[in-house]
Amino acid sequence: MNTSVTRPDAHIGALLRHFGDLRDGTHGDGAVSRAAKEELFEQAVALLDPYARQVLEEFNTHLLNRAGQVRVSGCTRARDGGLAATWALTWPQQRGEGIDPISLVAHYGRGFHHPHLRGATVAEWPLNVFSDAQAAAEVPTLRAIATADLHNLVFQRDFRIVPAITDPHRSPTSAARQEA
């Protein structure tokens with residue numbers, strides 16, 4: 001896993017790949033068939049996996065006082081016949097309120113030209129990942145999706161679903177601020 005800081009314009013490259021696919025009617029290095037695109041999607045999910053886990057663990061550590069659990073589905077066939085993979089961060093307050101977990105979802109819907117990323121409450125980002133460097137460049141996007149999801153979940157209920165707010169003394173982030 002490449003944890004180095006990504007270039008600030010990496011998202012531009014992702015958008016250019018995305019729009020180029022639309023222009024050319026292909027995905028990746030010229031994939032046209034559904035089977036070839038699904039194979040690329042499965043590879044993208046494998047490349048994204050460590051980064052999606054990293055982002056959700058950041059939220060678990062700094063906002064949920066490590067009370068959460070990351071659940072990973074792997075690539076599965078979706079109801080519409082497409083493919084999907086989900087990384088979900090659940091925690092007691094969220095489950096108790098009966099609301100969605102913070103989610104990072106890679107999906108390639110049956111009628112889609114190519115895959116996308118979304119959250120439980122926010123959607124759609126292009127997913128055009130074909131290398132570890134491109135997967136690492138998605139970390140800011142994954143963080144943005146998780147941030148928006150948690151923000152929207154707070155709106156669905158209230159701030160009390162965030163353990164770092166209700167029990168700040170147990171938060172590693174709070175302890176780090178006190179040491180500084």
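The values are calculated or read from the model by the stated rules, or taken from the named source; none is laboratory data. Everything numeric in this text was worked out from a predicted model, so none of it was measured. When we count neighbours, we look across all protein chains shown, and the Cβ atoms used for this are built from the backbone with ideal geometry, even at glycine. Just the protein is used for accessible areas: all its heavy atoms, side chains included, with ligands, DNA and RNA removed. Shrake-Rupley method; radii C 1.70, N 1.55, O 1.52, S 1.80 Å.
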**Request:** Report in % the part of the accessible area of region 63-144 that belongs to carbon and sulfur, leaving out ligands and nucleic acids; probe 1.4 Å.
**Result:** 48 percent
**Request:** Ignoring everything but the protein chains, give the 1.4 Å probe accessible area of E42 in square angstrom, nearest 10.
**Result:** 90 Å²
**Residue-count net charge about A52 - beta-carbon cut-off 15 Å; Lys, Arg +1, Asp, Glu -1** = -3
**Request:** Can you run the Rg to Rh ratio on the chain? Use alpha carbon positions and the Kirkwood inverse-distance Rh.
**Result:** 1.01
**Per-residue [θ]222 nm for the chain (sum of -39500 (n - 2.57) over DSSP H runs n ≥ 4, rounded to 500)** = -15000 deg cm²/dmol
**Request:** Just add up the charged neighbours of F130: K/R +1, D/E -1, any other residue whose Cβ is under 13 Å from the Cβ of F130.
**Result:** -4
**Item:** Around V154: net Lys/Arg minus Asp/Glu count, Cβ-Cβ under 14 Å
**Value:** -2
**Asked** How large is the accessible surface per residue of the chain, computed with a 1.4 Å probe and reported in Å² as a whole number?
**Response** 52 Å²
**Message:** I need the helices of the chain that pass two filters: whole DSSP H segments spanning 20 Å or more by Cα along the axis, and mean Kyte-Doolittle score no lower than 0.0.
**Reply:** 139-156
